[in-house]
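Enquirer: So that we are looking at the same thing, I have put the structure below in structure tokens.
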Amino acid sequence: MDAPEFYTTFSTLYDALARHGPGVGRLREALADALAPAPGDTVVELGCGTGANHPHFRDLIGPAGRYVGVDFSPGVLDVASDRERAAGAAFVRADATRPPIRSASVDACCSAFVSGMLAEPAAAVRTWADLVGPGGRLALLDLARTTRPGWRLLNPGFRLFVRLGSPPGGANPFDGSPTARLDERVAAAHRELGTRCSDVTTATLAGGFARVSAGTVR
Ligand SMILES: C[S@@+](CC[C@H](N)C(=O)[O-])C[C@H]1O[C@@H](n2cnc3c(N)ncnc32)[C@H](O)[C@@H]1O
């Protein structure tokens, strides 16, 4: 089962976790605050899933702003459209690493819990930085293993969470642990944001398992 099939099959379950999972609302709030779009801005979310971040951005961009979610899984886009379209969001089915969106129209770009799914996360971040262009805002929210003393005891549970949440059969079994791959990809994505942006802020939340990086594209 590939990722679009996986997220389509489990779209309703994913939506429940994405909106009501413990502490997840605070992470989404932190992403929106870090991206800090202005009223009237156009925000593009890459790998938007069921649109769970849209309500958090809507509060900031207001009725004059636009939110466009991009995802390649039809099932999550159906859930997102049913709920969020009425609230002003638009959704596009496409590969988030090659978003079919005109650069001139975009003020801010973000992704949440997607970097770890991308084979070339740094290249994707470069594409997103080019999409917003100089002066635009870019933010990433991701989960990875924590390095915080005390909380590290929970890393084995996190590894199980990653394994259960990964599309089965999507990765080469000889590629090593899915959690190690996730950690590497998340680190690469956030590092690339740091090289492409100024005013970079990075915060770790949820015991160090969640990382939010944001900046203004140079
Ligand atoms: C863990 S979910 C996160 C969804 C949403 N961002 C959220 O915060 O709930 C990952 C999403 O990224 C999408 N995705 C992963 N790789 C993608 C790609 N290359 N192009 C488009 N969507 C992608 C999946 O379909 C899935 O909906």
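The values are calculated or read from the model by the stated rules, or taken from the named source; none is laboratory data. No experiment lies behind these values; they were computed from the predicted model shown. For neighbour counting, all protein chains shown are included, and Cβ atoms are generated from backbone atoms with ideal geometry for every residue, glycine included.
Enquirer: Report, by residue number, each residue of the stretch 111-126 that is more than 23 Å from residue 52 (Cβ to Cβ) and either at pLDDT below 95 or not charged (D, E, K, R) (or both).
Expert: 119, 122, 123
Enquirer: Can you name every one of the helices (runs of 4 or more DSSP H) wholly within the stretch 11-120 that holds 1 or more residues which are within 9 Å of the ligand (Cβ to nearest atom), among the acidic types (Asp, Glu) and without any contact (Cβ under 8 Å) to a residue 12 or more places away in the chain?
Expert: The helices (runs of 4 or more DSSP H) meeting that bar number zero.
Enquirer: While we're looking at this one, here's another question. Between 130, 142, which is closer than 24 Å to residue 51 by Cα, away from the ligand (no atom under 15 Å from the Cβ) and of a type outside the set (Ser, Thr, Tyr)?
Expert: Matching residue, one of 130, 142: 130.
Enquirer: Which ranges mark the strands (runs of 3 or more DSSP E) fully within the stretch 127-218 that have 2 or more residues being of a type in the set (D, E, K, R) and surrounded by 14 or more Cβ atoms within 10 Å (Cβ to Cβ)?
Expert: Fully inside the stretch 127-218 and qualifying: 137-143.
Enquirer: Specify the residue that is farthest from the chain's Cα centre (by Cα); the eligible residues are those in the stretch 58-103 that are closer than 26 Å to residue 119 by Cβ and of a type in the set (Gly, Ala, Ser).
Expert: Top of the filtered list is 103.
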